[in-house]
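The values are calculated or read from the model by the stated rules, or taken from the named source; none is laboratory data. Everything quoted here is computed from the prediction, not taken from an experiment. Don't worry about glycine lacking a Cβ; one is built from the backbone with ideal geometry, like all the others, and counts go over all protein chains shown.
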Amino acid sequence: MASIHSTTIICVKRDGAVAMAGDGQVSAGQTILKGNAQKVRKLFSDKILAGFAGATADAFTLIEKLEEKLQAYGGNLTRASVELAKDWRTDKMLRRLEAMLIAADKDKIFLLTGNGDVIEPEEGVIAIGSGGNYALAAARALLKKTNLSAHEICTESLKIASEICVYTNANIRVESL
């Protein structure tokens, strides 16, 4: 998997709820261009969460393609994710896109990449972006050691990542299902 520098997205499933959070920083090299970007959104009548890391225009293209697949497959996230990953890997234009996606519904979380990967995490938590490993480690610890909700774990994990990763800020947006 390619390493994406410029954001952190985390998704946590706990006690029948799923939450996804992203920071707001947009960077170009060592310059912060924007601090309040929205990188997590609800799709398909607010039944699906999607978050992206990577080149903004590329990510928007992938979000649009995911929405199209969700419409085509009646909101079936698994089928839409697999079909998007196939297109992303084989289509001449799409395979050049430099971004990663996390998509989730109440039951499943998937990491989608341009390599054709559709990965469902075992522990109900996954993160991407430059601060992804920091947020992931924090979330795993919080899942094991606290009774915090999925929403709270996402928030706390991103706060921790923002203290470590220069490409992640503490302007956190969380969406929940």
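Looking across region 94-110, the residues that are under 13 Å from the mean Cα position of the chain (by Cα) and within 16 Å of K65 (Cβ to Cβ) come down to A99, M100, L101, I102, A103, F110. Taking region 74-177 and the helices (runs of 4 or more DSSP H) fully enclosed by it, the elements with 1 or more residues that are at pLDDT below 95 are at 77-90. Checking the stated criteria, A150 turns out to be more than 13 Å from G24 (Cβ to Cβ) and crowded, with 21+ Cβ neighbours inside 10 Å.
For region 60-74, taking the residues that are surrounded by 15 or more Cβ atoms within 10 Å (Cβ to Cβ) and of a type outside the set (F, W, Y), the one that is farthest from I109 (Cα to Cα) is identified as T61. Of all residues in region 126-143, none satisfies being of a type in the set (S, T, Y), surrounded by 23 or more Cβ atoms within 10 Å (Cβ to Cβ) and in contact with a helix residue (DSSP H, G or I) (Cβ under 6 Å, 6 or more places away or on another chain).
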